[in-house]
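The values are calculated or read from the model by the stated rules, or taken from the named source; none is laboratory data. Quick caveat: nothing in here was measured; it's all calculated off a predicted structure. Here the Cβ positions follow ideal geometry from the backbone for every residue, glycine too, while neighbour counts run over all protein chains shown. With ligands, DNA and RNA removed, areas are computed over all heavy atoms of the protein, side chains included. Shrake-Rupley method; radii C 1.70, N 1.55, O 1.52, S 1.80 Å.
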Amino acid sequence: TSGAPATAGPRFPDGFVWGAATAAYQIEGAATEDGRGASIWDTFSRTPGKVVAGHTGDVACEHYHRYADDVALMAELGLASYRYSISWPRLQPDGTGPVNTRGLDFYDRLTDELLAKGIEPVVTLYHWDLPQALQDRGGWTVRETAEAFAAYAQIAFRRLGDRVRTWTTLNEPWCSAYLGYGSGRHAPGVSDPAAAFAAVHHLLLGHGLAARALRAAGARQISITLNPTAVYPVDPDNPADVEAARLVDGLHNRMFLDPLLRGRYPADMIEHMRRFTDLGWLRDGDEELISAPIDVLGVNFYQPAYVSARPGTPADPDSPGTEGVAFRAPVGPVTDMNWQIEPAALTRLLERLHRDYHGIPLLITENGAAYPDGPGPDGRVRDAERIAYLDGHLRACHDALSAGVDLRGYFVWSLMDNFEWAEGYAKRFGIVHVDYTTQARVAKDSARWYQEVIRRNGLPDRAPAEE
Ligand code: PNW
C-alpha cells in the first residue's frame, strides 16, 4: 500500500483544503490544569456506567502538553489545515463571568505553532464540553446558555481572531440535543424528548447569536458543522417507507438545515415537536437570528440511514417520536462502530445539500473510520481497511465535485486515536496510532497514504488492495 507506485487517479481542484480534525475533550487531557473548569463530559464520564470501561478524558492523548510534537507531525504529513476545538470551561470555568487567561494562552500557543508550520487553523467553539455550571442551570434547554455561548465566542475571537480565519460555532448539534438530552447516551445524560427539542432550539439560537457577534467583530469565515445523513427508504416504491424516510430526514437534516439556511423550521417538524412540547421557547425573531448568514457549511459524514415503516416498532431513543419506524441494521461492510460503509451515500448527500440549499459552499469537517488496529512486531500499523474507507469516500467527494458541488476541502476524523465519547478509548479513529501507556504516536499506513494524497492533490488510480 504505502509507497507503492501509483498512476494518476482523480485530481482535486487547486486550493482544495486537506486537513485532519480533533476535539478538545477527546485529546487534551489536563482536565484540572491551569484553571480549567468542569464540563458536562467530566461529570458524565466519571459517572459509573456511562462510558465503556469507565474511561474519562482526564489524560486522553495529553495533547495539552504534547501539542508542539503533534503539530510537527501534522506538518510532516503535509496537512494544509487543522480543525480543533476550544474548551469553553478552559476559557470560562463557570461558563459565564471571569475569563481564565491561562486557558486562552494554551490556544494562543497552539495557534501560533500551527501558523509557524504553515498550517491553517479551523476553530470549533463548541465540541460538546459545556461548562457544568451552565448545565446546573438547565444547560441547552434554557435560553441563558445560548446567550452565554455568544459571549464566550467573543472572548475566544478577541484573543485569536487576528490569526484564525475560520470560526465554526457548533459541532453536530444533532448529537448535543438528541444524544445529550433525548436518549441520554451522551452528556449530560438526560432522556426527555421535550428537553431534546428545547436543546435543538437553544443550540441553533446560540449559533445565530454567536455568528452575528463574530461577524460584527470582523470574523472572515463563519461556519457551523452538522452531521446530515443520506436517509433512504428501504423500499422506495412503498409510500409508507418513503414517509418514514421523510420523518427521519426531517429530524436529522431539515430540522437544522432549514432554520439555518432558509430561516424557518420545516412545517412538518413544528407539527412533530408539538407532540412533546408547546414550543414555549420559540420567540418571534428567533428564526431570523438563527439564519444569520454563514460562509461555509461543515459536513460530518460516516454512514447512511435506511428506514422502513413497521407498525409497533418503539421509537428509536435517538430520534424522538419515531414510533413505527424501523432503522435497518447495517448491510454489507461495516467499521468497528458497526457503521455501514457506503461512499455513494456521501455523493448523494453533497448533491442534495448543494441543490436544496442554494449552492452553499461545503467543507467535509469529519469523515473516517474506527478499526481496532495496533502496531505489528515491526512497529508498523497496517490499516488497509481505513485506507479503503478514506479512498472510497474521497472518490465520492470527487464525484460530487464533478457534478458541480462547491466542496472546498476535506478533514479526516481523526488526526489521532482519542476518547471516543461513550465508547471510551476502545474505538480507534486516528490515522496516527496512540499508545495510551507511553503516549507514543505512530503514523499508521493510512497517514502515509494520506500524506501522498495531499502531495499529489489527488488519488492513486485505484483503491489500494489489502497487503
Ligand atoms: C462525531 N452516533 O460523533 C463527533 O463529531 C466526533 O467527536 C466523533 O469522535 C466522531 O463523530 C466519531 O464518532 C458522533 O452515535 C458520535 O450517532 C456518535 C454518533 C454520531 C456522531
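Give me the pairs: first residue in region 8-19 and β-branched (Val, Ile, Thr), second residue at pLDDT 95 or above and open to solvent by less than 30 Å² (accessible area, probe 1.4 Å), beta-carbon distance under 7 Å, and six or more apart or on different chains, which are they? Matching pairs, first to second residue: VAL17/SER81; VAL17/GLY409.
For region 136-163, a tally of residues being assigned to a helix (DSSP H, G or I) and of a type in the set (Lys, Arg) returns 3. Looking only at region 333-384, residues that are assigned to a loop (DSSP other than H, G, I, E, B) and not aromatic (Phe, Trp, Tyr) come to 27 in all. Based on what the data block shows, is ASP461 more than 12 Å from the ligand (Cβ to nearest atom), open to solvent by 40 Å² or more (accessible area, probe 1.4 Å) and acidic (Asp, Glu)? In short, yes. Taken together, the residues in region 285-319 that are within 20 Å of THR145 (Cβ to Cβ) and either basic (Lys, Arg) or part of a loop (DSSP other than H, G, I, E, B) (or both) amount to 3. For ASP235, indicate whether it is under 30 Å from ARG46 (Cα atoms), open to solvent by 10 Å² or more (accessible area, probe 1.4 Å) and not aliphatic (A, V, I, L, M). Taking the combined requirement at face value, the residue does not satisfy it. The criterion of being within 26 Å of ALA370 (Cβ to Cβ), more than 16 Å from the ligand (Cβ to nearest atom) and small (Gly, Ala, Ser) holds for GLY332. The single residue among PRO131, PRO121 that is open to solvent by less than 10 Å² (accessible area, probe 1.4 Å) and over 21 Å from GLY35 (Cα atoms) turns out to be PRO121.
Could you grab me the full set of residues in region 54-75 that are crowded, with 21+ Cβ neighbours inside 10 Å and among the small types (Gly, Ala, Ser)? Scanning region 54-75 gives GLY57, ALA60. In this structure, does GLY161 turn out to be over 15 Å from ALA292 (Cβ atoms), over 21 Å from the mean Cα position of the chain (by Cα) and open to solvent by less than 30 Å² (accessible area, probe 1.4 Å)? So GLY161 fits the description; yes. Screening VAL248 with (1) over 25 Å from ILE341 (Cβ atoms); (2) outside any loop (DSSP other than H, G, I, E, B); (3) not acidic (Asp, Glu) gives one miss only, at (1). Of the residues making up region 376-430, those that are more than 16 Å from the ligand (Cβ to nearest atom) and among the small types (Gly, Ala, Ser) are GLY376, GLY379, ALA384, ALA388, GLY392, ALA396, ALA400, SER402, ALA403, GLY404, GLY409. Using the structure shown, decide if LEU110 is in a helix (DSSP H, G or I), among the hydrophobic types (A, V, I, L, M, F, W, C), at pLDDT 95 or above and open to solvent by 50 Å² or more (accessible area, probe 1.4 Å). The answer is no for LEU110.
Just so you know, in region 270-308 the residues that are within 28 Å of LEU214 (Cβ to Cβ) and either open to solvent by 60 Å² or more (accessible area, probe 1.4 Å) or at pLDDT below 95 (or both) include one that is farthest from the ligand (Cβ to nearest atom), and it is ASP284.
Which of the residues that make up region 164-190 are among the small types (Gly, Ala, Ser), open to solvent by 20 Å² or more (accessible area, probe 1.4 Å) and assigned to a helix (DSSP H, G or I)? Even if it seems obvious, please write down each step before you answer.
Going residue by residue through region 164-190, those that are among the small types (Gly, Ala, Ser) are 176-177, 180, 182-184, 187, 189.
With open to solvent by 20 Å² or more (accessible area, probe 1.4 Å) added as a condition, the list becomes 183, 189.
The answer is SER183, and nothing else.
Pairs are defined by a Cβ separation below 9 Å, a sequence spacing of at least 6 or placement on different chains, a first member in region 281-303 that is among the polar types (S, T, N, Q), and a second member that is more than 16 Å from the ligand (Cβ to nearest atom); the pairs so defined are SER291/GLY208; SER291/PRO259; SER291/LEU260; SER291/LEU261; SER291/ARG262; SER291/GLY263; SER291/ARG264. Restricting TYR126, TYR152 to those that are buried (at least 23 other Cβ atoms within 10 Å of the Cβ) and more than 16 Å from the ligand (Cβ to nearest atom) reduces the list to TYR152. For region 1-53, the tally of residues that are in contact with an Asp or Glu (Cβ under 9 Å, 6 or more places away or on another chain), closer than 30 Å to GLY458 by Cα, modelled with pLDDT of 95 or more and open to solvent by 10 Å² or more (accessible area, probe 1.4 Å) stands at 2.
With the structure loaded, tell me whether VAL71 is touching a strand residue (DSSP E or B) at 6+ places or on another chain (Cβ under 8 Å), among the hydrophobic types (A, V, I, L, M, F, W, C) and closer than 28 Å to GLU287 by Cα or whether it fails that test. No.
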